[in-house]
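Here is the structure we will look at.
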Amino acid sequence: MLPHALVPPADAEDDGILGEQHEDQEHAVEPARPPLTAARAREMTAGLREAIDDVRRSVAVLAARVRDAHAARVWTPLGHSSWEAYCDAEFGISRAQAYRLLDVARSLTAIHGAVTAGTATSRTRDTGPAAAALDYDLSQRALIAVSSRTDVVAELITRRLAVLAHSGLQALDEPTVRAVVRQAVRDVRTAPSPPPFDASADPVVAAGRQLTADLSAGAHAIGELMLEVAPAYLSDTEAATGVMALLCDQIGEPLEHGLAARRYAMSGDRRALHGTVL
């Protein structure tokens, strides 16, 4: 049977790294313990960090093997009728868990391919999938959430890495690649939904709505790019005085528009664009 930590969780609120906290566990009375020293706390934290990294690395290796096994239809020569029947018989995991494994494998494969394409050559420590999950620091929940939109995630990653590489403003080292990947996954998960299409609207109104939607989508993409060099925790003033000003100059975008697009990417509220793009 697969280790529990390597099986994607059934609950959408569980990221597959730390177990769920049940109410009876939360309020259970624990025996008194001696005071914890700072040195011991650091030691325990280091051990926990190492364990979490081991889980992420193991998930990546598992994802690669799941991908290869499914592509080879490994269940057929073993006499199983399907992938889910194979997973149930061989590993004792449910149909839902079997397909979540495929979702994780699909997402990691697309992301690693996009990184390779976006940087022209892999610049992470290792090109194998084991490096992907550890370096990108993505939870199973995040990977499952974007598994149906891997083409969008891959396109964002490739485009943003290419822009950064051509601008020369930031080295494409491992921390930068990791930040780009994590931001792309976050953006796809939180992107505002497009407005509903009204087929009965007046053609002029419909054209205006489409133009507004296109402008908003372009502004959101610019805002995502701004967040790569000026993360959300920075104020507008701090963002404007850093690399973001150089990036706006490089792409020919007014700084005020870049700041507005950044606010829109963070909030999803089109009112952030008033007076600039819209």
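The values are calculated or read from the model by the stated rules, or taken from the named source; none is laboratory data. Remember, it's a predicted structure, so these values are computed and weren't measured experimentally. Cβ sites come from the backbone with ideal geometry, for glycine too, and all protein chains shown count toward neighbours. Heavy atoms of the whole protein, side chains included, go into the accessibility calculation; ligands, DNA and RNA do not. Shrake-Rupley method; radii C 1.70, N 1.55, O 1.52, S 1.80 Å.
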Taking the stretch 229-275, which residues are over 21 Å from the mean Cα position of the chain (by Cα), assigned to a loop (DSSP other than H, G, I, E, B) and in contact (Cβ under 8 Å) with a residue 40 or more places away in the chain? none
Listed residues 18, 6; which is modelled with pLDDT under 80 and in contact with a Ser or Thr (Cβ under 8 Å, 6 or more places away or on another chain)? 6
Does residue 42 satisfy the condition of being in a helix (DSSP H, G or I), of a type in the set (D, E, K, R) and modelled with pLDDT of 85 or more? yes
Options 102, 134; residue that is buried (at least 17 other Cβ atoms within 10 Å of the Cβ) and modelled with pLDDT under 75: 134
Quick one: would you say residue 232 is surrounded by 20 or more Cβ atoms within 10 Å (Cβ to Cβ) and either at pLDDT 80 or above or more than 21 Å from residue 155 (Cβ to Cβ) (or both)? no
Taking the criterion of being at pLDDT below 75, surrounded by fewer than 20 Cβ atoms within 10 Å (Cβ to Cβ) and at positive phi, would at least one residue in the stretch 257-272 satisfy it? yes
Quick check on residue 64: is it modelled with pLDDT of 80 or more, over 30 Å from residue 243 (Cβ atoms) and in contact with a helix residue (DSSP H, G or I) (Cβ under 8 Å, 6 or more places away or on another chain)? yes
Could we say that residue 115 is assigned to a helix (DSSP H, G or I), among the β-branched types (Val, Ile, Thr), at pLDDT 85 or above and touching a helix residue (DSSP H, G or I) at 6+ places or on another chain (Cβ under 9 Å) here? yes
Considering residues of the stretch 67-90 that are in a helix (DSSP H, G or I) and within 28 Å of the chain's Cα centre (by Cα) only, the residue modelled with the lowest pLDDT: 67
Show the residue pairs that are 6+ apart or on different chains and have beta-carbon atoms under 7 Å apart, the first residue being within the stretch 48-67 and in contact (Cβ under 8 Å) with a residue 12 or more places away in the chain, the second being open to solvent by 50 Å² or more (accessible area, probe 1.4 Å). 60/129; 61/129; 63/129; 64/129; 67/109
Name the residue, out of 82, 94, that is surrounded by fewer than 16 Cβ atoms within 10 Å (Cβ to Cβ), polar (S, T, N, Q), touching a residue at least 40 places away in the same chain (Cβ under 8 Å) and closer than 30 Å to residue 149 by Cβ. 94
Against the conditions (1) aliphatic (A, V, I, L, M); (2) within 14 Å of residue 177 (Cβ to Cβ); (3) modelled with pLDDT of 85 or more, where does residue 152 fall short? Just the number, please. (2)
